[in-house]
1. Can you show me the helix-derived [θ] at 222 nm for the chain, built from DSSP H runs with n ≥ 4 at -39,500 (n - 2.57) apiece and divided by the number of residues, rounded to the nearest 500.
2. List Glu31, Glu107 from most exposed to least, where exposure is judged by having the fewest other Cβ atoms within 10 Å.
3. Just subtract the alpha-carbon distance of Lys99 and Trp160 from 0.36 nm times their residue separation and send over the number in nm, one decimal.
4. What's the FRET efficiency of Asn144 with Asn218 using the Cβ-Cβ distance as r and R₀ = 45 Å, to the nearest 0.05?
5. Across region 74-90, in residue order, what do the Karplus-derived ³J(HN,Hα) couplings come to in whole Hz, using 6.51 cos²θ - 1.76 cosθ + 1.60 with θ = phi - 60° and x for Gly and Pro?
6. With a 10 Å Cβ neighbour count serving as the proxy for reagent exposure, in which order, fewest first, do Ser60, Ser211 appear?
7. Highest GNM mean-square fluctuation, the chain, Cα pairs closer than 10 Å: which of Pro28, Pro118, Pro83?
8. Top mean-square fluctuation among Leu50, Leu178, Leu186, Gaussian network model of the chain, C-alpha springs under 10 Å?
Amino acid sequence: MIDGILLINKEKGITSYDVIRRLKKILPKEEKIGHAGTLDPFATGLLIILLGKGTKLMESIGKLKKKYIVTAEFGYATDTQDPTGEKILVDKNLSKIPKEKIEKKLEEKFLGEINQIPPIYSAKKIQGKKSYELAREGKTIVLNPRKIFVKEFNIINYDWPIIKFEITCSSGTYIRTLIDDLGKNLGTFATAIDLDRVNIGGYNVEEAFNSKDITMKNKKLILNSIINLEKIQI
């Protein structure tokens, strides 16, 4: 049994569990494995894999603050709040919103402790079933708001209608929902078109093993990348 954690840089287009499937082909058959903090298929970036006794740290690691780089496109909304969904709302009279106005809205409405309603296309459980499963069945879904904490929400590139933000926030925050809510608060619509998780607690994506390289050929490299229990920073 291997005990510890493994930092993975998840590629776009696969699920967090797809990463675990790849690792299961390489690790011992009896190995306990999980992950702390799901990334949507369209998202990339840092995913912390838990191994052996490391799986007991799921809650502790899950509570660590996270940093994301997200690119938003203003003028439309999709049913999933990301590029994998269908456009459901389009602002046909979209006008340029000055950078200063957006920054003011972020400061007024999107910093500190705020209430967020999770997206219906999410893994949030409702009576034992995932919300996105119910949504795909066409069922009406009502999700309750929950408190999240946003420490930083900064514009790092403004090229209207494409804007890139850097967000540092608490666990459980849906970044695509923050972007959707920001669009509405500015009197239009917005969709997260690219999302990269760059940091979890003291761990950075630069330290992570690329998910594309999880192959039997790289088994030794992967095993050498595992962080032992005594070296884990929480």
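Just so you know, all these numbers are worked out from the coordinates, no wet-lab data involved. Since the model is a prediction, treat every value here as computed from it, not as a measurement. A quick note on method: Cβ atoms are made from the backbone with ideal geometry, for glycine too, and the neighbour counts reach across all protein chains shown.
1. Counting only the DSSP helices, I get -5500 deg cm²/dmol.
2. Ranking Glu31, Glu107 by Cβ neighbours within 10 Å, fewest first, gives Glu107, Glu31.
3. Here the segment from Lys99 to Trp160 would lengthen by 21.1 nm.
4. 0.55
5. 3J(HN,Hα) across region 74-90, in whole Hz: 8, x, 7, 10, 10, 5, 9, 6, 8, x, 7, x, 9, 5, 10, 9, 10.
6. Ser60, Ser211
7. Fluctuation is largest for Pro28.
8. Judging by the Gaussian network model, the answer is Leu186.
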